[in-house]
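Below is one structure, written out as C-alpha cells, with a few remarks after it.
The values are calculated or read from the model by the stated rules, or taken from the named source; none is laboratory data. Since we're looking at a predicted model, the values are computed, not measured. So basically every Cβ, Gly included, is an ideal-geometry build from the backbone, and we count neighbours across all protein chains shown.
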Amino acid sequence: MDQVQATQEHLERFGFSGFLPGQKEVIDLVLSGQSAAALFPTGAGKSLCYQLPAIAMPGLTLVVSPLLSLMKDQLDFCLEKGLPAARLDSTLSREEYTQALDQARSGALKILMISVERFRNERFRAHLKTWNVSLMVVDEAHCISEWGHNFRPEYLKIPVYVKEFNIPQVLLLTATATPAVRDDMGEKFGIAPESIINTGFYRENLFLRVAPMADIQKDKALTDIIARKPQAPTIVYVTRQKTATDVAAMLGTKGFSASAYHAGMKQENRDQVQNDFMAGRLNVVAATIAFGMGIDKADIRRVIHYDLPKSLEGYSQEIGRAGRDGKPSLCQVLANLDGLRVLENYVYGDTPERQGVASIVNRLHNRKTDEWKVRLISLSKQTDIRPLALKTLLVYLEMKGIIQPVKTYFETIGFKALEEQSSIAARFQGERRAFVQTIFDHSNLSKTWSYPNIEVIMEQANSSRERILSALDYLEGKGWMEIKASGAVDVYRVLEREFDKDALCQDLHGLFAKKERAEIGRVHALVDFYQQTKCLSQCLSEYFGDDGVAPCGHCSVCESGPATLESYKRLAPLPEYNYGELTDDLYENLDGKVTPIKAARFLCGLASPLFATNKIKGLPGFGRLEDHPYAEVLAWAAEHHNEKQDNGNEAP
C-alpha cells in the first residue's frame, strides 16, 4: 500500500472525507521523515496533523501539551476513533498511570500526552529511555519563544530533550506565532523554512466588532447582545475571577443560562461547567482565560470580551474559538482604557528586582562546589522572585554557559505496601530478593507510608539510584505497593564562577527589562489595534505575517469606521494621597526590607513571594493605587521612601 492510499484510509477512519487547508502538506512532511511546523488558525485542524501519522509510524508519538483540558479533549477524540492513546498527569489513579506506562513500553500505545514538566520526573525519564519514540509533537509551540506572548522557560529545554532521548522527528503546532516567533521556533528545532506550513490567520466568518463604552454601560450592552439569541453558545471573557462570578450572577438574574469559570474554582465545578457548555445544557460561560484551550465546540456563536484581553495573540486565540463550523460568529469587545493599568501591572509584577538577581549571581560566584541544588519555591521566597521569573532566570544562566542542568530528582520518595513486605520479597530469588529486602530494611515507616533512605540503600546494595527507582516502579506495577514522590530538586553543574558579578547582574536584569518593555509594547499594540482606521481582520492578519488579505467588509471599521477608546475613571492625583497612611503597615511588617519597587508593587496590588510569606495582601493599603500608572506610582514611592528612610535615621 503506498503512502497516498494509506493516508486516505486513515483519514476515513477519523470520519473525514478530505483535508482542511495545510493538513495534507504537514502530514506528508511527517510521513516522509521530516520535522515540520503547522501554523494554523484556532480550530483549523492542527491535531489531525499528528493523529493521522501516529497510526502509520512504527513507534510512539509523544505529545507535549501545556494544559490538562487540552490533553483531555484531544485524548477523548483519539479514543473515540479507536486510536490507542493515553495521558500522564497528576489526576490519574495509580492503576491508570501504571497502565499507560505499560502500554507505552509494550508498543500498544500510539499516542502519549504529557506536560513539559514531566521531563523533570526522574521516574518518567527512566521509562522514556526504554521506549521507541517516532515523533515528538509540541502543542502551543509558541511557548518556546521568549519573544512570544506566552513564553514558558521549560519549553526552551525541549530541543535538549529531543537530542537526549534520540527522538528522530518533531512537529510544532501553534495558532499564534508572529513572524519573529515563527523564525525562533524553526531555528531552535532546526526546521527548514519550507517545512513551516502557514495557512494564514484570516477567517471570513468571524465578525470583529469594537464597541467603546464605560464600565457602567457594559452589563446592559452584554445583556442586549445575548438577548438577541439567548440559546446561542457564548463565551464572555473577563480579566478577574471576581468579575467572572459577578457577570454570571448578573446574567442569571436576567433569566439567562450562565455560569462562571475561573482557576479559583474547584476542579470538579470547573469540569461541570465545561461539560454542561459542551453538551448544550449551558448557554453562556463568563470566564477568565483559564477557559478555552481544549474547548473543541464547533457552534460557539459569540465570543465577547467584557474586559480587554492581554495581547493580540491572546485575542486571536480567544476569538478563534468562535465559529469553527464556518458559520457567521460575533467577536465583540466592550472596550475602554480603564483596565489598561491592570494589564500593565501583570507585566511589571513579573520583573525581578535587581537585588533579587544579584542574590542568585552571588550564590553562584561564591559556591565552593560545582554542584548546585535548587528547590524552586524555597529559592523564590528567599530572593522574592516569582517562580516563573526565577525559572526564566535559570534558563538565561544556562544560555550564558554559567550553569548546566544535570538532573531533577524527588527529595522524598515514599511507598505504601499493599501486601506484607516479607511476602513481596519472597516472590524473588537470590540477589534480586536480597536487593528488595535491602530497600525494605532501610526504609523509615511513618504510619502507613515508608520512606527509603536512598543513599544508604545505594551503599548497602552497591546499586545506582536508577535501579532502586526501577525496582519500586516494578513493585508498584505489580500492584504490590503504591508510590508517591514530592519535593522536586533541580541539580545544576556550575560551569563558570570567575565572572564579573556586577556585569552579569546588569546583563541579566537587562534581559528582564527588555522583556518587560516588549510585553508592555504588546499591551499597547492591542489598544492601537482596537483603534485602527482600516479593516480589523486585515490588520490582525498582517500582525501575524499574513499580508495580502482584502478588507472583510463586515468588521466594525468596515461598517461604521474606527473606534476611539477612552478612560472613564477620574483618578485623584498622587500628591493627594498620604504615603505614610497607605504604607506604614507595609514598613512595619517587612522591617527594613521595603524598597521603592516593593512599595510600588504593594500600592498597585502586585503579589510577590515575600508578600505571600508575610501576608501583605491582607493589609489595608494593598492595591489602593492599582488604577494608577505603575511608573508614576514607582516614582512617587521612591520620593517618599527616601524621605521615610531619612526620617527614620534622625537622632532622637
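Report the residue count in the stretch 77-122 for those that are in contact with a Pro (Cβ under 9 Å, 6 or more places away or on another chain) and surrounded by fewer than 18 Cβ atoms within 10 Å (Cβ to Cβ).
Total satisfying the criteria: 3.
Yes/no matrix, rows are residues, columns are (1) within 28 Å of the chain's Cα centre (by Cα); (2) surrounded by 14 or more Cβ atoms within 10 Å (Cβ to Cβ); (3) among the hydrophobic types (A, V, I, L, M, F, W, C):
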position	(1), (2), (3)
Ala211	no, yes, yes
Asp224	no, no, no
Ala227	no, no, yes
Thr245	yes, yes, no
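Mind checking which residues of the stretch 521-574 are over 27 Å from Pro179 (Cβ atoms), out of contact with any strand residue (DSSP E or B) (no Cβ under 9 Å at 6 or more places or on another chain) and either of a type in the set (D, E, K, R) or touching a residue at least 60 places away in the same chain (Cβ under 8 Å) (or both)?
Within the stretch 521-574, Ser567, Tyr568, Lys569, Arg570, Leu574 qualify.
To keep it simple, each residue is scored yes or no on (1) modelled with pLDDT of 95 or more; (2) touching a Pro at 6+ places or on another chain (Cβ under 8 Å); (3) assigned by TED's automatic domain parsing to the domain that holds Gln332; (4) within 30 Å of Cys331 (Cα to Cα).
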| residue | (1), (2), (3), (4) |
| --- | --- |
| Gly548 | no, no, yes, yes |
| Ser556 | yes, no, yes, yes |
| Glu581 | no, no, no, no |
| Tyr587 | no, no, no, no |
| Val594 | no, no, no, no |
| Ile616 | no, no, no, no |
| Gly621 | no, no, no, no |
| Tyr630 | no, no, no, no |
| Leu634 | no, yes, no, no |
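With Ile439, Ile403, Ile457 as the choices, which residue is within 21 Å of Lys373 (Cα to Cα), modelled with pLDDT of 90 or more and either assigned by TED's automatic domain parsing to the domain that holds His127 or under 40 Å from the mean Cα position of the chain (by Cα) (or both)?
Details: Ile439 fails: within 21 Å of Lys373 (Cα to Cα); Ile457 fails: within 21 Å of Lys373 (Cα to Cα).
That would be Ile403, the only listed residue that is within 21 Å of Lys373 (Cα to Cα), modelled with pLDDT of 90 or more and either assigned by TED's automatic domain parsing to the domain that holds His127 or under 40 Å from the mean Cα position of the chain (by Cα) (or both).
For (1) outside any loop (DSSP other than H, G, I, E, B); (2) free of Cβ contacts under 8 Å to residues at least 40 places away in the same chain; (3) crowded, with 20+ Cβ neighbours inside 10 Å; (4) in contact with a Gly (Cβ under 6 Å, 6 or more places away or on another chain), each residue gets a yes or a no:
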residue: Phe124; (1), (2), (3), (4): yes, yes, no, no
residue: Ile158; (1), (2), (3), (4): yes, no, yes, no
residue: Tyr161; (1), (2), (3), (4): yes, no, no, no
residue: Val170; (1), (2), (3), (4): yes, no, yes, no
residue: Val181; (1), (2), (3), (4): yes, yes, yes, yes
residue: Glu194; (1), (2), (3), (4): yes, yes, no, no
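Given (1) of a type in the set (D, E, K, R); (2) farther than 22 Å from Asp271 by Cβ; (3) surrounded by fewer than 24 Cβ atoms within 10 Å (Cβ to Cβ); (4) modelled with pLDDT under 85, where does Asp28 come up short, assuming only one miss?
(4)
Okay, residues lined up against (1) outside any helix (DSSP H, G or I); (2) over 16 Å from Leu469 (Cβ atoms):
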{"position": "Leu394", "(1), (2)": "no, yes"}
{"position": "Leu397", "(1), (2)": "no, yes"}
{"position": "Thr408", "(1), (2)": "yes, no"}
{"position": "Glu411", "(1), (2)": "yes, no"}
{"position": "Phe415", "(1), (2)": "yes, no"}
{"position": "Ser422", "(1), (2)": "no, yes"}
{"position": "Arg427", "(1), (2)": "yes, yes"}
{"position": "Phe435", "(1), (2)": "no, no"}
{"position": "Ile439", "(1), (2)": "no, no"}
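Anything in the stretch 68-91 that is at pLDDT 75 or above and not in a helix (DSSP H, G or I)? List them, or say none.
Hits for the stretch 68-91 are Lys81, Gly82, Leu83, Pro84, Ala85, Ala86, Arg87, Leu88, Asp89.
So, in the stretch 315-337, how many residues would count as being of a type in the set (Ser, Thr, Tyr) and under 26 Å from the mean Cα position of the chain (by Cα)?
We begin by selecting, within the stretch 315-337, every residue of a type in the set (Ser, Thr, Tyr); these are 315-316, 329.
Checking which are under 26 Å from the mean Cα position of the chain (by Cα) leaves us with 315-316.
Residues that pass the stated criteria total 2.
Would you say Gly561 is at pLDDT below 90, of a type outside the set (Asp, Glu) and loosely packed, with under 15 Cβ neighbours inside 10 Å? Break it down stepwise before answering.
Values: at pLDDT below 90: no; of a type outside the set (Asp, Glu): yes; loosely packed, with under 15 Cβ neighbours inside 10 Å: yes.
Spelling it out, it is not the case that Gly561 is at pLDDT below 90, of a type outside the set (Asp, Glu) and loosely packed, with under 15 Cβ neighbours inside 10 Å.
Confirm whether Lys46 is of a type in the set (Lys, Arg), surrounded by 17 or more Cβ atoms within 10 Å (Cβ to Cβ), modelled with pLDDT of 75 or more and assigned to a helix (DSSP H, G or I). So that I can check it myself, show each step before the final result.
Numbers: of a type in the set (Lys, Arg): yes; surrounded by 17 or more Cβ atoms within 10 Å (Cβ to Cβ): yes; modelled with pLDDT of 75 or more: yes; assigned to a helix (DSSP H, G or I): no.
No, not satisfied.
Give the residues of the stretch 320-348 that are surrounded by fewer than 17 Cβ atoms within 10 Å (Cβ to Cβ) and of a type outside the set (Phe, Trp, Tyr), sorted by residue number.
Our first condition is that a residue be surrounded by fewer than 17 Cβ atoms within 10 Å (Cβ to Cβ); within the stretch 320-348, this holds for 325-328, 337, 346.
Hits for the stretch 320-348 are Asp325, Gly326, Lys327, Pro328, Leu337.
In the stretch 247-270, which residue that is aliphatic (A, V, I, L, M) and closer than 21 Å to Pro309 by Cβ is nearest to the chain's Cα centre (by Cα)? Reasoning before the result, please.
We begin by selecting, within the stretch 247-270, every residue aliphatic (A, V, I, L, M); these are 247-251, 258, 260, 263, 265.
Filter once more, so that each one left must be closer than 21 Å to Pro309 by Cβ: 247-248, 250-251, 258, 260, 263, 265.
Values: Val247: 25, Ala248: 25, Met250: 30, Leu251: 30, Ala258: 27, Ala260: 21, Ala263: 13, Met265: 18 Å.
Filtering the stretch 247-270 for residues that are aliphatic (A, V, I, L, M) and closer than 21 Å to Pro309 by Cβ, the one nearest to the chain's Cα centre (by Cα) comes out as Ala263.
Looking at (1) closer than 24 Å to Val210 by Cβ; (2) buried (at least 21 other Cβ atoms within 10 Å of the Cβ), which one does Gln274 not meet, given that it meets all the others?
It is condition (1) that Gln274 fails.
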